[in-house]
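Below you'll find the structure, written out as structure tokens, and then a few comments.
Nothing in this text is a laboratory measurement; each read-out follows from the coordinates by a stated rule. From a predicted model like this one, the values you see are computed outputs, not experimental measurements. Positions of Cβ are generated from backbone atoms using ideal geometry, with glycine treated the same way; all protein chains shown enter the neighbour counts.
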Amino acid sequence: MNTFSLTPPKILLKTYPVIHPVAHIGLSILNHYKDPLGVSVVFGPWQGQALFETVELYVNDGLKPVASEIVMDTSAPVLLRLPSGLLLEGVNSLHCAVERLSGNGDKSPKLLVLYDIYAPGGDDPVPGGGHPALTINVSPTSVNAAQAEKGVTLTLDWPHKHLYDLVTVDCSGVPVTHRIEPTPADPKPDLTKPVVLTLTATHFAKDRNNPRFPIRYNVVSQVGNFSGTTHLGQFNAQDHWSETTWIDVHLDRVVLEMPILQEVLGENGDDPTTVDLGKMNGGPLWALIHLIDTVWQAEDQIHLTFTAELNGTVVSTHEVMLPIKLVPGQLSVDIPNAKVIADSLVKVWYEQIRDGKVIATSTVAKAQVEGQSLPDVEVKFINDPFSAAPGGSIKAIKLILTRAGQPSAGVVDVTLPEGTVYADGTGGTRSFNTQADGTLTINGVKGAITSGTYTLSASSRTATATAALVITESAPVGSIAVVEWPYCAALSPDGTQVYVGGVGAVEVYDAASLKIIARLNIPGLSSRQIVLNKDGSRAFVTSYSDTATGVYVIDTSNFTLLAYIPVANHTYGIVLSKDDSLAFVSAVSGGVVAVIDIASLRVIKTISVGLQPIGITISPNGREVYVGNNNGRSVSIIDTVALTVSRTLPTEWVVGDVAVSPDGKNLYVVGWGGVAKFNAATLIKERSISNISAQFFTLSPDGRWLYVSSIDHRILTIDTLSWELRAATAVGIDPLLSAISRDGTRGYVPCYRDHRLWVIPLQPESTAFAEGMDIIGDTGPASLPDGV
């Protein structure tokens, strides 16, 4: 056999050409690991190729072949597989050896393959969000027109740098490319040094005025390795780019006049280079900005920034964004006294914003703080510690600010722990102005959904205070014996207590441990529903018995009976107005809803509805009360301002309970025959599930799930989005008016005939249900078959 009749093996998924003194081709990491069978290598055909000859593949002159195949076609190339992970950093050699049936053989010339074990930047230990090993430094970070002409320096560096790496910089949509290669000035680039590039005005032309001008880059090696590729060939597009660096570009921005600083608003002739704490007398520092009509427009915004520095270190900051409504004019912005630190250097400047972009920046006003401030303040929580169940409402947070032991008005910064939110659903730190007597009350805070001990913190100037917040554990799943004939359950606003109403008594339990806390015996009571006011200080219990028909009012601080409000005709459901000023009570045998004034604890009006009103609820905006009329087969809708029935919804079933979604768009009705969803505005029925018999249901706090207390002793779970029955949980005999934990993970179900309170898990989207639950498939039926 002639040696030269054999040609080198070929790699199909090669990178070609490559610039290298000896390598013929390159191979990328992606192509090396692309096929789990190995890299496809073809060899031949060669002169005199015959059946059953053996072809062997060798890597880097190894003693043993890494792959071998038998010739099965005399005219076709032989396909061999190069196993993954055998190539070394740099140039690798591949050759094939052919053995004829006679035993003679020969080997081919070598194919020299350039390979890099790591892509530019290497492996990202935390995938996603930009490759941290692709470092980028921009200088300067504030670029005006003059600086853009002068040039902005980019310094880029990354591990596993190679000759002929191609760098692509994204300058807010404008690409800049650079290849590491020899030049006459630098014939042998030092790969240990960073790459330094210069950006000029052309690179900022498309985004000339952007306070958050983004710059990022990626690298591709000459063999086709993309940054963001692991050494095992897995590519993550989010790690292909470096982390984004933001700079302030303002090529067209106008420089505005500096703000004027005054200790006393309107005191002209004051020295603007000093701030006298004595003159401020505990009040704010004022920054005055003249709004000139040739510069400002109505609907512009102004972003003012204040800093105080001690020995070059910023020790206090304050920012405010304000709309511009009247031009020309003068804007006076107050900077809280607590932010102005004795002996500090204060700086104040502002930005003019139009259509969301900064179009002008002021000169910085600087002033030295002199004199002594008033005695330092002390901030203190006055009603801690705090506790709540997961997702429960926290009692009003109360603080007081004092100065030299005396109440003092001021600003308090309150920081909520992670997962805890204010009434608007946001968390973090928020500044509050105290009352004139130094007190501060924050209502509507909700706790985190994860159990544990957290810390609330408050600060004012240098004073700080902390308070403990305990989020209790979720209740164990199971059942406990409770008051006889339990009909209804309700949770306290903080979710830590569960109230159970039965015959002759109301009991309260710890919602986490299920241990009884108190029992209030009320002769003649036949409980139907319990509600609590927003702060949890009062519980209202309706009674259905002939000897006690009305509403009992319980003082929850000492669990004593505060009042009894007689209401004729067997009271049933109850709901409070959004401001807790009124109670709406359904009276079954009278076909009316009684309206109770909470302040005077007396009935002020009765409103005629349908026959046998039972279930009752209120819309999220508090404007309408919905009443389920049992034998009336209807829902009456009461206007809470006029206190009259404004609309009536006829139903096909005997109605038990009603509920409204948190967004107020959907009305849910349950009864002896099924569950239905109506458009709350049009009262048009949209979905229904038939063959369900129940009197009560409970809507989850987020409005996603309906939990129906079925007469077959189960809690049925309905998905309000897909309108599918998702689960059925076996409980005790006759489940009635249930309560749901604030985080939506536990249901407290009173079972009338077995005298027990059942606690069940409510997690239909997460894990498999507890033992005893029946699962309906993801494409469950629109209605339940008979007997379910």
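Some points to look at:
- Separation of alpha-carbon centers, region 498-527 and region 395-438, rounded to whole Å: 36 Å
- Among beta bridges that DSSP assigns inside region 3-115, antiparallel share in %, nearest 5: 90 percent
- Farthest towards the positive end of the charge dipole of the chain, among the residues Asn433, Ile637, Val506, is the Cα of Ile637, using unit charges on the Cβ of Lys, Arg, Asp and Glu.
- Residues Val196 and Gln368, FRET efficiency given R0 of 51 Å [Cβ-Cβ distance, rounded to 0.05]: 0.80
- Extension reserve of the Gln147-Thr466 stretch, reckoned as 0.36 nm per residue once the Cα distance is removed: 110.1 nm
- Leading residue at positive end of dipole, region 400-481 (Cβ point charges), from Thr464, Ile449, Pro407: Pro407
- Stretchable slack from Lys325 to Ser646, in nm (0.36 nm times residue separation minus alpha-carbon distance): 111.4 nm
- Other-chain or far-sequence residues with amide H under 5 Å of Tyr487's (modelled H): Gly501, Gly502
- Hydrodynamic estimate: the Kirkwood radius of region 3-115 over Cα pairs, inserted into Stokes-Einstein at 20 °C and 1.002 mPa s, corresponds to D of 150 µm²/s.
- For Asp334 and Thr177, the FRET efficiency from 1/(1 + (r/R0)^6), where r spans their Cβ atoms and R0 equals 41 Å, is about 0.20.
- Given 14 as the ceiling on other Cβ atoms within 10 Å, longest exposed-site-free region of the chain for GluC sites (Glu not before Pro) in DSSP loops: 485-651
- Three-way shape label, region 254-370, alpha-carbon gyration tensor, a/c 1.5: prolate
- Taking only the C-alpha atoms of the chain, Rg followed by Dmax gives 38.1, 117 Å.
- Cα centroids of region 667-715 and region 20-60: 68 Å apart.
- Per-residue ³J(HN,Hα) for region 98-103, Karplus 6.51 cos²θ - 1.76 cosθ + 1.60, θ = phi - 60°, Hz, x for Gly and Pro: 10, 10, 7, 5, 6, x
- Between Asp639 and Glu99, the simple label model (points 7 Å from Cα in the Cβ direction) yields a spacing of 10.0 nm.
- A simple charge model with +1 on the Cβ of Lys and Arg, -1 on the Cβ of Asp and Glu and nothing else charged puts the dipole of the chain at about 1020 debye relative to its Cα centre.
- Summarising the label geometry, the points placed 7 Å from Cα in the beta-carbon direction at Asn383 and Gln406 lie 2.7 nm from one another.
- Rounded to the nearest Hz, the phi-derived 3J(HN,Hα) couplings of region 404-419 under the Karplus curve 6.51 cos²θ - 1.76 cosθ + 1.60 (θ = phi - 60°) are 6, x, 10, x, 9, 6, x, 10, 10, 9, 10, 10, 8, x, 4, x, where x marks glycine and proline.
- Pair Tyr16, Asp170: separation of 7 Å Cα→Cβ label points (nm): 3.3 nm
- The Asn558 and Ser513 beta-carbon pair, evaluated with R₀ = 22 Å, returns a calculated FRET efficiency of approximately 0.60.
- Among His755, His32, the ranking by other beta carbons within 10 Å of each residue's beta carbon, starting with the fewest, stands as His755, His32.
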